[in-house]
Amino acid sequence: MQRLRGIIVAVLLGSGAALAAPTGPAAAAPTSEPKLERLSARAEPAQVATRSARWTKARIDEAIETAKPIQYSPALPTTQKRTKDFTAPARTIAPPAAAPRSATTAALPAPATHGRMYAITADDSVLGWCSASVINSGQRNLIMTAAHCLHSGEGGDWAFVDAFFVPQLYGDSQPYGVFWASSWTIWSPWSDDSDDDYDYGFVNLYANDRGNVADVVGANGLRVNNGYDNTVVVWGYPADDGYPGDVPYYCDRVTTYDGSWWDSYVYVGCILTGGASGGPWLEDYNYSNSLGYVIGLTSRAGVDFDYSLSPYFDDDVADLYHEVD
């Protein structure tokens, strides 16, 4: 009961309290937009064919209990390179979609569309996990998370060869089972330069025995070019600095601000820690069905910041979405 109470109140922050912006680096002239190339990887057929034999429920349960969050803590940029177009009109790319009532059975204090994604390495061990959320799409099989959860960035490679998603994970409860990844996709500025403006990516999932993930748990909408002044609910699975990691926390009705003193960031006064990476920032959150519009996601967070940062969601996010849908 103590844990449950902690989740309900979570990391509740007032919507009107603005944080003083930290002193940032001196502004530099805007640089040109980097060339975009889509990078995708797929689960190898051999991996897919032997998943059920290798990854029994007992093994999945053990991985969920023992795995650690994927860590990402580089220094913040020292020069400003604001390249985004902040004058483009706001657009709704996809609306939220509720799951059929008969499919939604879990009564837990967390949205069914939010969960943890587990990354599996070539030696068949779990590298770690990140937060992720279901996004409405034509194929009904899409989740979104941070790019650093998928690829190690400049000079690196894909962080894993296989992955699975557990929606509405709560302690040892997995009410909808797991959904295995079929492919994952990012933009090249992240893989080439660890460009924080592109710290986001999409993962397509195979259906499980209940169906496609969006048909089973519902799906959030997606908006781009929303500007900086928005009220959001931020979800994540923080696991450091006293957070348990196996239950979701949220910041309720917090206001986003212009974080352009570092790249094109959006920031919010919501202190989550490692494990919250990839968690959705939801506008127009509906408390009756736990759905909203994703307008950002946690890229960096921690007690050293006193806030959380998201890439600015612009037309590049929409373009990548259309590439994978």
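Here are a few things to note about the model shown:
- Scanning region 234-260 for residues that are hydrophobic (A, V, I, L, M, F, W, C) and within 16 Å of ARG300 (Cα to Cα) turns up VAL234, TRP235, ALA239, CYS251.
- Take the conditions (1) surrounded by 24 or more Cβ atoms within 10 Å (Cβ to Cβ); (2) in contact with a Lys or Arg (Cβ under 7 Å, 6 or more places away or on another chain); ASP124 misses just one of them, which is (1).
- Among (1) more than 18 Å from the chain's Cα centre (by Cα); (2) in contact (Cβ under 8 Å) with a residue 60 or more places away in the chain - the single one ARG116 does not satisfy: (1)
- Filtered by the rule that a residue be crowded, with 22+ Cβ neighbours inside 10 Å, of a type in the set (Phe, Trp, Tyr) and assigned to a strand (DSSP E or B), region 178-211 gives PHE179, TRP184, TRP187, PHE202.
- Residue count, region 117-144 (criterion: among the polar types (S, T, N, Q) and farther than 24 Å from SER52 by Cβ): 4
- Condition met for THR105 (farther than 30 Å from ASN289 by Cβ, at pLDDT below 85, in a loop (DSSP other than H, G, I, E, B) and β-branched (Val, Ile, Thr)): no
Table: residues versus (1) of a type in the set (A, V, I, L, M); (2) at pLDDT 95 or above.
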{"residue": "ASP195", "(1), (2)": "no, no"}
{"residue": "GLY218", "(1), (2)": "no, yes"}
{"residue": "VAL224", "(1), (2)": "yes, yes"}
{"residue": "TYR228", "(1), (2)": "no, no"}
{"residue": "ASP240", "(1), (2)": "no, no"}
{"residue": "TYR243", "(1), (2)": "no, no"}
{"residue": "TYR257", "(1), (2)": "no, no"}
{"residue": "THR273", "(1), (2)": "no, no"}
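- All strands (runs of 3 or more DSSP E) inside region 285-325 with 3 or more residues being aromatic (Phe, Trp, Tyr), surrounded by 20 or more Cβ atoms within 10 Å (Cβ to Cβ) and modelled with pLDDT under 90: none
- Every residue from region 139-162 that is in a helix (DSSP H, G or I) and either among the charged types (D, E, K, R) or under 19 Å from GLN47 (Cβ atoms) (or both): CYS149
- Number of the condition not met by TRP281 [criteria: (1) in contact with an Asp or Glu (Cβ under 9 Å, 6 or more places away or on another chain); (2) assigned to a strand (DSSP E or B); (3) of a type outside the set (A, V, I, L, M)]: (1)
- Among the conditions (1) under 20 Å from GLY138 (Cα atoms); (2) touching a helix residue (DSSP H, G or I) at 6+ places or on another chain (Cβ under 7 Å); (3) not charged (D, E, K, R), the only one that VAL217 does not satisfy is (2).
The values are calculated or read from the model by the stated rules, or taken from the named source; none is laboratory data. Only a predicted model underlies this, so the values are computations on that prediction, with no experimental measurement involved. Note that we place each Cβ from the backbone using ideal geometry, even for glycine, and neighbour counts take in every protein chain shown.
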